[in-house]
Amino acid sequence: MIAFPVVWLVTVLATIAAVTLVQNTVLPLLSRGLLAGFLVSIATLAALLGLRLSGWADWAFLLQPVIAVMIAPFAFLGFRSLTREGTLPVGNLLLWHGLPIFGIQLAFLLRLPLPIDFIIMVVNVVYLVRIAALLRLSDDDFPYTPPHSFRTLRTMIIGTVVLFALMITADLVIIVASMLGGNGPAMRFISGASGFMTMFFVVAALVGTPMIMRNTSREETSTSKQTSATDQDRALLEQIDKTLIDKQLYRDSAITLARLGRRLGMPSRDISNVINRCTGNNFSRYINEYRVKYAQQLLAASDLPVTEIMLEAGFISKSSFNTEFKRIVGQTPSQFRASQPST
C-alpha cells in the first residue's frame, strides 16, 4: 500500500529532472539527450514497478528487464559525451552500444531461455567500470562543462557509480534467492524492493543537479574573476596568449595543458589556474574560443567547406565544433556564414 505511491513519486521526480536537463542549453544536445534518456529510463522502470505492485504484473514484468538494461549505457554515454573524446558520431554509438543492447532487449521480448538478472548485472558491471574511469579525468577533459560545475558533475558521476553498485548487489541477491528459493512471493518482493531503493537513490541524488548547472550565477563568476585574478595572473595570461597567437598553437588539435606548459616552462596546473581565475573558463573552452574566432574569419573571408574550416581551426569533431561555435557566437557555422554580407 505504501510502496505504490512512492514508486510513482520516483517516476514524477525522474521525469521532472529529465525535462529540466533537456532545457539546459549550456550542455551539448547529444549530452542532454543521452542523460535525459538515462532519467526517462529510470522513470519508466519505476512506473513498471508500480504497475507490478498494483497487480498488473504480466506485461509489466516482461518490459521491466527491457528498460533496465538501457539505464547503464545511457548514463555512460551521457557522461562520456561531455568529455574531449566523447562526441562520437551517432552511427558509432548505435554500432558499439545500441546494437548489443537492442539484441539483448529483443531476446528478452522473445522470452528466450536466458538468465535475465545475470545479463543485466553483467551490463551494469561493464558500464560501472567505464563510468568510474571518467573520475580519473580532470576538469579540462570536460570542455562542455563550465568550470564552476565540474564539482557537481563529479558528484553526479560518483552518485551514478554508487547507484550501479547497489543495483549489482541487488541483482546478486536476486540470483542467489532464485537459486535457493525459486520465484515465489518472496522473490518478487526482493526484486521490487531492490529496484525501488536503487531508483529512489539515483533520483534523489541527481534531481537537483541540472537546475544547479543551469542557474549558476554569472555574477558569481564575474566576482570570482575580479577578486581572484592578480596582476601576476594577468601577466601570465598575456604570455599564454602571445604563445598561442604567435605559433597558432590553438589550431593544433592535439594541444594539451602539458604541451603548452613545456613551451612556457611552467606547470600545467598553473596555466589552468591562471586561465580559470582570469576568464572563468577551463583550458579547453579557452582554446576553443581562439579556434572559433579563427573559424569565423575563414567563414567570412573564404568559400572553404565548413568541414574543412572546422579542421583548419583545430576541431576534430563536427558535433563539438557546432556546439562550441553556437555557444560563443550564438549561431551555427552555416548560419554565421549566411549572415555575412556578400562581397
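The values are calculated or read from the model by the stated rules, or taken from the named source; none is laboratory data. Since this is a predicted model, take the numbers as computed values, not measurements. Heads up, the Cβs are rebuilt from the backbone with ideal geometry, glycines too, and the neighbour counts pull from every protein chain shown. These accessible areas exclude ligands, DNA and RNA; they are computed on the full protein's heavy atoms, side chains included. Shrake-Rupley method; radii C 1.70, N 1.55, O 1.52, S 1.80 Å.
Tabulated data for the structure shown
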| item | result |
| --- | --- |
| Extension gain, ILE316 back to LEU29 (0.36 nm per residue minus Cα-Cα distance, nm) | 101.6 nm |
| Estimated inter-spin distance, GLU289 and VAL176, nm [label 7 Å along Cα→Cβ] | 5.5 nm |
| Nearest-20 debye value, the stretch 264-343 charge dipole, Cβ charges on Lys, Arg, Asp, Glu | 280 debye |
| For the stretch 238-308 versus the stretch 95-157, the gap between their alpha-carbon centres in whole angstrom | 32 Å |
| For the stretch 221-310: relative contact order, % (alpha-carbon pairs under 8 angstrom, 6 or more apart) | 30 percent |
| With all protein chains modelled, accessible area of ARG32 [1.4 Å, Å²] | 40 Å² |
| Pairwise FRET efficiency - ILE158 versus ARG111, Cβ, R0 = 45 Å, nearest 0.05 | 0.75 |
| Solvent accessible area, Å² - TRP59, 1.4 Å probe, full protein context | 130 Å² |
| Probe 1.4 Å - accessible area at LYS326, Å² to nearest ten | 110 Å² |
| ASN92/GLN232 FRET efficiency (R0 51 Å; Cβ-Cβ; nearest 0.05) | 0.70 |
